[in-house]
Amino acid sequence: MSAADRISGTEPEDPGGRLFWCCSVVGWISIGFGIWTLFARAGATRPAGFAAWFVGLAVAHDLLVVPAVSLVAVWLVPRVPRRVAGPVVGAAIVSAILALVSLPPLLGDPADNPSLLPRNYVAGLVVALVVVWGATATWIGASLVRRRRAS
């Protein structure tokens, strides 16, 4: 127990507690069901194509998204007030993940993927980004109002 925990009278959370293991079991069951479904319906899911996208997105994440978000964070954090840096960097991370996840329907040919619904995926990405940044602005605004009321 750290000195801060002794002073505050709080116990540190147990990282290997019951909640962790319950969530782990649910997560692994979900992963297993997804893999089983991928192969059980191989005609519709095309496991080789899925694997290519899965590996490609993981590589794109590690080689493009993480360095880009890190550079943005390093550039951005000194330029914004300290109290808003966390939410802004968090919104940037969520935005990067949304952009990465939206690549298959944006770049792929809809004729090659029968699971794609006939939608405007560009508009969907824009709406999702507006929601993320709107929620971030709301969070920052609410925290500033709370801070002013408290002082």
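So what is the 222 nm mean residue ellipticity for the chain from helices alone, if each DSSP H run of at least 4 adds -39500 (n - 2.57) and you divide by all residues, rounding to the nearest 500 deg cm²/dmol?
Values: 8 runs with 113 residues, N = 151.
After summing the helix terms and dividing by residue count, I get -24000 deg cm²/dmol.
Roll a 1.4 Å probe over the protein chains and send me the accessible area per residue for the chain in Å².
Working: 11490 Å² over 151 residues.
So the chain comes to 76 Å² accessible per residue, rounded to a whole number.
If I model the chain as equal point scatterers sitting on the Cα atoms and use the Debye formula, what is log10 I(q)/I(0) at q = 0.16, 0.18 Å⁻¹?
Summing over Cα pairs of the chain leads to -1.19, -1.24.
Mind checking which of Thr37, Val127, Leu100 is farthest towards the positive end of the chain's charge dipole, using Cβ charges of +1 (Lys, Arg) and -1 (Asp, Glu) about the Cα centre?
Ranked along the dipole, the leading option is Val127.
Give me the percent of accessible area attributable to carbon and sulfur for the range 41-151, probe 1.4 angstrom. Let's see the in-between values first.
Working: 5640 of 7900 Å².
C and S fraction of accessible area: 71 percent.
With only Lys, Arg, Asp and Glu charged, each at its Cβ (+1 for the first two, -1 for the last two), find how big the charge dipole of the range 13-151 is about the Cα centre; round to the nearest 20 debye.
Working: 11 positive and 5 negative charges, 165 e Å.
The calculated dipole for the range 13-151 is roughly 800 debye.
The values are calculated or read from the model by the stated rules, or taken from the named source; none is laboratory data. Quick caveat: nothing in here was measured; it's all calculated off a predicted structure. Ideal geometry is used to build each Cβ from the backbone, glycine not excepted, and the neighbour counts take in all protein chains shown. In case anyone asks, the SASA skips ligands and DNA or RNA and just uses the protein heavy atoms, side chains included. Shrake-Rupley method; radii C 1.70, N 1.55, O 1.52, S 1.80 Å.
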